Amino acid sequence: MLSCIVGTIASRNLLKDSIYTLKLARRGVDIKGGKEVNVLKSIYVKEVMSSNVETMPESLSIENMAEIISKSKYNSFPVINSKNKLTGIISFNDYSDALFNEDLANLVVAKDLATSDVVTVCSDEDLYTALERISLKDFSTLPVVSPDDPAHLIGIVSRRDIIGAYEKAVIKKTLFKT
């Protein structure tokens, strides 16, 4: 009996999966993560992203920025250079103080306020990865970039897009089971 206990403890420390769950784990099914994780891992960013992205040129003044922000449903915007390459992202926290300072109206441009260390997601990554990154610092949106060029902006995905895709997938799976 003692040898069975020692053997069980040793095997659990060496192999995290049992012989029953090992085959599923190799296929990418996460038993411990549950249904939610597997649904999100089965949907790709390119399926739910919006390719119509509201961007801000690096050289855009605060005065012109205010006009774009007031007409948009988003509160963060990818910043692009003259070659349409992603160089940063500007969020409400970045522009809120400067927006109402009239002394800065023609002195500061979008590049000055933007965060250059942009958290992005590739179009061929799954929604679970996107949700992890968007939750990292409680972002509302993530720029979607090309897998071939991390500076080539091809879309945007929001937390709402991810949750909506998840809900549709769960409802679809529930309907087809009954």
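I'd like to know if segment 159-173 contains one or more residues that are in contact (Cβ under 8 Å) with a residue 24 or more places away in the chain and either on the phi > 0 side of the Ramachandran plot or not in a helix (DSSP H, G or I) (or both). Looking through segment 159-173, none of the residues is in contact (Cβ under 8 Å) with a residue 24 or more places away in the chain and either on the phi > 0 side of the Ramachandran plot or not in a helix (DSSP H, G or I) (or both).
Against the criterion of being modelled with pLDDT under 90, buried (at least 18 other Cβ atoms within 10 Å of the Cβ) and of a type in the set (Gly, Ala, Ser), SER70 does not qualify. Flag not set for ASP124, criterion: of a type outside the set (S, T, N, Q), at positive phi and either surrounded by fewer than 17 Cβ atoms within 10 Å (Cβ to Cβ) or in the same structural domain as LEU40 (by TED's automatic domain parsing) (or both). Name the residues in segment 83-97 that are out of contact with any Phe, Trp or Tyr (no Cβ under 6 Å at 6 or more places or on another chain), surrounded by 18 or more Cβ atoms within 10 Å (Cβ to Cβ) and hydrophobic (A, V, I, L, M, F, W, C), would you? Once the filter is applied, which keeps residues that are out of contact with any Phe, Trp or Tyr (no Cβ under 6 Å at 6 or more places or on another chain), surrounded by 18 or more Cβ atoms within 10 Å (Cβ to Cβ) and hydrophobic (A, V, I, L, M, F, W, C), segment 83-97 yields LEU86, ILE89.
From the list ARG133, ARG159, exactly one residue is basic (Lys, Arg), touching a strand residue (DSSP E or B) at 6+ places or on another chain (Cβ under 6 Å) and modelled with pLDDT under 95. Which is it?
Details: ARG159 fails: touching a strand residue (DSSP E or B) at 6+ places or on another chain (Cβ under 6 Å).
So the residue among ARG133, ARG159 that is basic (Lys, Arg), touching a strand residue (DSSP E or B) at 6+ places or on another chain (Cβ under 6 Å) and modelled with pLDDT under 95 is ARG133.
Selection of first residues in segment 87-105 that are more than 28 Å from PRO150 (Cβ to Cβ) and of second residues that are of a type in the set (A, V, I, L, M) and buried (at least 19 other Cβ atoms within 10 Å of the Cβ), restricted to Cβ pairs under 7 Å at least 6 apart or on distinct chains, gives the following pairs, ordered by first then second residue: LEU99/ILE62; LEU104/ILE62; ALA105/ILE62. Number of residues in segment 51-67 that are within 30 Å of ALA165 (Cα to Cα) and loosely packed, with under 14 Cβ neighbours inside 10 Å equals 2.
Being surrounded by 12 or more Cβ atoms within 10 Å (Cβ to Cβ), in contact with a helix residue (DSSP H, G or I) (Cβ under 9 Å, 6 or more places away or on another chain) and closer than 17 Å to VAL39 by Cβ is a property that does not hold for VAL119. Within this structure, TYR74 passes the test of being among the aromatic types (Phe, Trp, Tyr) and in contact (Cβ under 8 Å) with a residue 60 or more places away in the chain. Residues that are under 18 Å from PHE77 (Cα atoms), surrounded by fewer than 18 Cβ atoms within 10 Å (Cβ to Cβ) and either touching a Pro at 6+ places or on another chain (Cβ under 9 Å) or without any contact (Cβ under 8 Å) to a residue 12 or more places away in the chain (or both) within segment 136-156 comprise just one, ASP138.
The values are calculated or read from the model by the stated rules, or taken from the named source; none is laboratory data. Remember, it's a predicted structure, so these values are computed and weren't measured experimentally. We place every Cβ from the backbone using ideal geometry, glycine too, and count neighbours over all the protein chains shown.
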